[in-house]
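Every number in this text was worked out from the coordinates using simple rules, so none of it is lab data. Being a predicted model, the structure only gives us computed values, none of them experimental. Please note: Cβ atoms are built from the backbone with ideal geometry, for glycine as well, and neighbour counts cover all protein chains shown.
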Amino acid sequence: MSLTVGVLALQGGFQEHVTLLRKAADRLSSANAISAFSAIEVRTPEQLGRCDALVIPGGESTTISLIATQTGMMEPLREFVKTSRKPIWGTCAGMILLADEANATKKGGQELIGGLAVRVRRNHFGRQIESFVSDIELPFLSPLSTTYPGVFIRAPIVEEVLAGEGTEGPGERVEVMAVLPGRLRRGGGAAEEQVDAGHAGDVVAVRQGNIFGTSFHPELTSDERIHVWWLGEVILALGR
Ligand code: GLN
């Protein structure tokens, strides 16, 4: 099969995603799943139109949203997600943009693409200097190793699932794909980090139908396991 995956390249870590997508596709093509693969940077509706699937990188969601609005990309993106229902994966800022609602937005709010029936809380763990790397369990990576280095930089969490149970029919429920256990919201500085082992944990990855979102940044690691998994899911969804 041939497969074209776009990475929204308005701002943020798009180049890193392109690199990891190519690495992941190499793995899959050696198993003969993909014959021709392209990972392309997407800045225009025309480029988006060539994509079978799309990644929205981490960066600054207010900036990405502003540029998308100014360049006429917002509506084509909404159509891609909600009408064509093509596979889409947002990391960090990308997940914020895909959420139906976001908390802690700048004054006046920000335009979201939406589609993912969750409310996210931006900057949940605090400021840039409170960034951290934490091993997280990603059961969906099985049978590969399921422990993954989660890079959290001013990361959002999924604060609430908005979809009513079962109202969207099978396959469209919001699935929790990963939880960061035992950690509460940080106070002031990193020294004040509160860790409560009894806390159920923060939801840091979800999927709803064609939409996948992660709070953390796989593109800032050299570990292509999630990209391999997601491309596999894309191939399944496209039925090729
Ligand atoms: N806090 C950023 C935002 O709101 C996201 C940070 C990131 O993508 N690393 O867009």
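Obtain the nm distance between the two label points defined at S134 and Q15 by a simple spin-label model: each point lies 7 Å from its Cα along the Cα-to-C-beta direction.
It is 3.0 nm.
For the pair E175 and T146, what calculated FRET efficiency results from E = 1/(1 + (r/R0)^6), where r is the Cβ-Cβ distance and R0 = 22 Å, to the nearest 0.05?
Working: r = 16 Å, r/R0 = 0.72.
Between T146 and E175 the formula returns 0.90.
Can you list the trypsin sites (Lys or Arg not before Pro) in the stretch 1-100 that are in a DSSP coil and have 16 or fewer other beta carbons within 10 angstrom?
Values: sites: R22, K23, R27, R43, R50, R78, K82, R85; in loops: R43, R50, R85.
Answer in residue order: R50, R85.
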